[in-house]
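Inspection log for the structure reproduced underneath, given as structure tokens.
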Amino acid sequence: MDPYDLSFHRIMSKSVDRRSVMAASASSGQGTWEPVIGLETHVQLGTNSKIFTSASTTFGDDPNIHIDPVVCGLPGTLPVLNQKVLEYAVKAGMALNLQIAEHSKFDRKQYFYPDLPKNYQISQFDEPIAEEGWIDVEVAEKGKDTYTKRIGIERLHMEEDAGKLVHAGSDRLAGSTHSLVDYNRAGVALAEIVSKPDLRTGREAAEYASEIRRIMRYLGVSDGNMQEGSLRCDVNISVRQGPDEPFGTKVEIKNMNSFSAIQKACEYEIQRQIKAYETGEPVVQETRLWDEGKQITKSMRSKEGSSDYRYFPDPDLGPIEVNEERREGWRAELPELPGAKRHRYAEEFGLSVYDARVLTDERSMAEYFEAAVAAGAEAKGVANWIQGDIAAYVNANRLGYSELPLRPEQLAEMVKLIDGGKISGKIAKEILPELLEKGGSPKAIVDERGLGMISDPAAITTIVEELLAAHPDEVEAFRGGKTKLQGFFVGQLMKKTGGKADPKLANQILSQKLKG
Amino acid sequence: MSKITADDVRKVAQLARLSLPDDQIETFTGQLEKILTYVAHLEQVDTENVPPTTRAVEVVNVTREDEVTATPVREDLLDLAPQREGDFFRVPKILAD
């Protein structure tokens with residue numbers, strides 16, 4: 001280790017906050033530590049049946065309900081690939097700009113662990129279904145400029161999930177007397193997506209994972225539910241003393257079940273490794289677990305590097321060939337992806353980076369927005385209503401946008417009423433709860449209840465004159481210099497008209513009449 | 001031709017979770033060596049222009065529809081295990097290696 005770096009970092013490492021700033025600003029001069037992060041993401045593909053057998057994939061059922069002789073790997077059983085798994089894997093691969101392999105195969109990865117019923121996992125080793133791609137990740141952090149970074153993706157392959165262990169006699173493996181196994185999850189289809197080591201901060205890692213999830217949800221190939229384990233990320237992380245230095249010792253972190261946990265685990269681990277190097281402690285190649293309660297990573301204390309998986313082609317499964325016709329047929333079914341939508345919303349609708357990001361987070365919200373704009377309403381207005389009252393209602397009632405009673409065309413009608421000066425924003429906000437609950441035509445409601453804006457100057461003049469006559473003291477005070485009283489009159493006017501007076505016109509007439 | 005050593009046999013036995021007493025190590029070292037020598041006869045075949053194959057039957061894209069069929073064999077499968085506990089398979093304490 002370079003002694004210069006040691007002393008430099010001792011000076012800089014007085015507070016954790018300052019150190020994390022140093023670690024993140026990798027390119028700023030010599031002597032800073034550069035974190036190198038790569039992610040392995042396991043995405044459960046949302047098929048009804050398992051990858052190689054017709055057992056159900058339903059989550060949360062009684063233990064060992066969804067098992068059969070193929071799942072348990074009994075002698076004489078024959079796994080057969082679920083064609084939906086292949087379709088989903090190819091679509092996911094294309095969405096991540098990967099090259100789809102014309103020829104691909106399944107291999108057996110051998111190891112012993114009780115959650116693996118066959119003592120081997122059917123996976124893909126040297127001929128994965130998809131290789132060499134990238135996604136553009138938008139990195140947004142409070143108080144910092146949002147930037148876009150292209151993250152390379154090494155590969156995507158299909159494999160089967162393992163079962164679940166319950167450790168008895170202790171809440172942890174250490175100290176347990178025995179374990180109980182539930183194989184319901186064993187054999188559920190997974191796509192494993194391996195990024196290149198292109199990530200440099202915990203925030204980038206979290207944003208990358210979040211974009212992968214968003215893409216999978218757009219495609220409809222996975223629900224991406226992290227709490228239920230449909231999307232799991234393992235992080236590989238090391239630090240080095242500059243972009244041109246060789247990689248440091250790599251540590252794997254598991255057990256993060258939210259994007260914020262991914263970010264925090266990376267940030268903690270970066271600091272732990274830097275500190276270890278600075279104090280001359282060894283950083284060993286190992287697997288560590290993120291402890292959400294303590295907000296630290298802990299060594300699993302298992303021997304690494306001793307694994308010998310002895311991959312070989314699975315003789316039970318024939319090779320996979322995806323010809324151009326099939327591949328392009330699936331490509332044609334891909335929806336517009338979140339990255340493209342974000343870009344288009346800014347370009348076509350002139351929305352801010354923030355608005356575009358929020359509106360495209362969920363495909364259903366984006367499609368609702370687009371339908372309202374297609375119905376002729378101005379994009380900015382629609383965006384504001386969706387992000388405000390509508391999103392609040394949808395979230396509070398746990399609704400999907402497709403089941404929201406207020407249809408996008410009806411929202412468009414309301415926005416057009418406001419923009420056309422037919423109703424005020426205040427009236428719109430008043431009728432919205434009813435529309436959200438029951439749907440219906442905003443125009444019909446406005447007409448029926450006489451909620452249209454009063455924009456006839458003569459009508460407003462009459463009301464203003466009545467007001468002035470009813471409040472002679474205030475009029476006198478106003479004319480004596482208390483011009484702040486204009487607000488009082490505006491309030492009175494709105495009260496009298498039920499908020500329907502055209503605010504601009506009302507102010508104009510009021511000013512004129514008050515002056516006398 | 002590589003020679004099988006006693007250490008190779010110990011490693012393979014460990015990977016396969018086989019417990020071999022020392023006196024058997026020698027026996028299996030000789031046997032494995034013989035098996036490999038026999039299989040090595042295949043090396044005499046000229047495979048210069050033959051693409052590698054992984055199976056005897058040439059089939060591609062054998063797939064099935066994504067349909068769920070329940071197989072009511074849960075009890076049978078659980079009973080086949082060395083130990084069950086309720087609806088779970090029970091396994092001994094897991095060592096971290």
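Every number here is computed from the coordinates shown, using simple stated rules; none is lab data. None of the values given here were measured: they were computed from a predicted structure. FYI the Cβ positions are ideal-geometry reconstructions off the backbone, even for glycines, and counts take in every protein chain you see.
Overview of results
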quantity	calculated
Distance between modelled label sites at residue A:223 and residue B:11, nm, 7 Å Cα→Cβ extension	4.6
Segment A:417-516 shape via C-alpha gyration tensor axes, a/c threshold 1.5	prolate
Dipole-positive endmost among A:95, A:237, A:461 within the protein assembly as shown (Cβ charges, Cα centre)	A:461
Sequence-separation-based contact order of segment A:91-198, relative, with Cα cut under 8 Å and 6+ spacing, percent	25
Residue with peak Gaussian network fluctuation, chain B [Cα springs, cutoff 10 Å], from B:78, B:32, B:42	B:78
In degrees, nearest ten, helix A:83-95 long axis to first principal axis of chain A (Cα)	60
Nearest-20 debye value, chain B charge dipole, Cβ charges on Lys, Arg, Asp, Glu	280
Nonlocal amide H pairs with residue A:312, under 5 Å, H built at 1.01 Å	A:108
FRET efficiency, 1/(1 + (r/R0)^6) with R0 30 Å, evaluated for residue A:397 and residue A:347 via beta carbons	0.35
Rounded if a/c under 1.5, otherwise prolate or oblate - chain B, Cα gyration tensor axes	oblate
Within a Gaussian network of chain B (alpha carbon springs, distance under 10 Å), most fluctuating of B:22, B:76, B:66	B:76
Restraint check, A:142/A:254; A:142/A:294; A:298/A:341; A:84/B:93; A:105/A:196; A:416/A:496, Cα-Cα greater than 28 Å	A:298/A:341; A:84/B:93
Two-site label geometry, residue A:245 and residue A:449: point separation in nm, points 7 Å out along Cα→Cβ	6.7
Charge-dipole axis of the protein assembly as shown as Lys and Arg at +1 and Asp and Glu at -1 on Cβ define it, positive-most pick from A:349, A:490, A:261	A:490
Within segment A:134-162, backbone nitrogen closer than 16 Å to the virtual label 7 Å beyond the Cα of residue A:334 toward Cβ	A:134-137, A:151-157
Sites residue B:3 and residue A:136 - FRET efficiency at Förster radius 45 Å, r taken between beta-carbons, to 0.05	0.25
The protein assembly as shown, dipole about Cα centre (Lys/Arg Cβ +1, Asp/Glu Cβ -1), debye to the nearest 20	2620
Added length on full extension, which subtracts the Cα-Cα distance from 0.36 nm per residue, residue A:486 to residue A:387	32.3 nm
Nearest-20 debye value, segment A:309-449 charge dipole, Cβ charges on Lys, Arg, Asp, Glu	500
Normalised contact order of chain A, rounded percent, pairs of Cα under 8 Å and 6 or more residues apart	14
Pairwise FRET efficiency - residue A:371 versus residue A:276, Cβ, R0 = 51 Å, nearest 0.05	0.40
Rounded tilt (10° steps) of A:363-374 against the dominant C-alpha axis of chain A	30
Among beta bridges that DSSP assigns inside chain A, antiparallel share in %, nearest 5	95
Spin-label proximity, residue B:61 to segment A:64-82 - amide N less than 11 Å from point 7 Å beyond Cα toward beta carbon	none
Top positive-direction residue, dipole computed over the protein assembly as shown with Cβ charges, set B:47, A:128, A:148	A:148
Relative contact order %, segment A:457-514, counting alpha carbon pairs below 8 Å whose residues are six or more apart	50
Gyration tensor verdict on the protein assembly as shown (Cα atoms; rounded if a/c is under 1.5, prolate if a/b is larger than b/c, oblate otherwise)	prolate
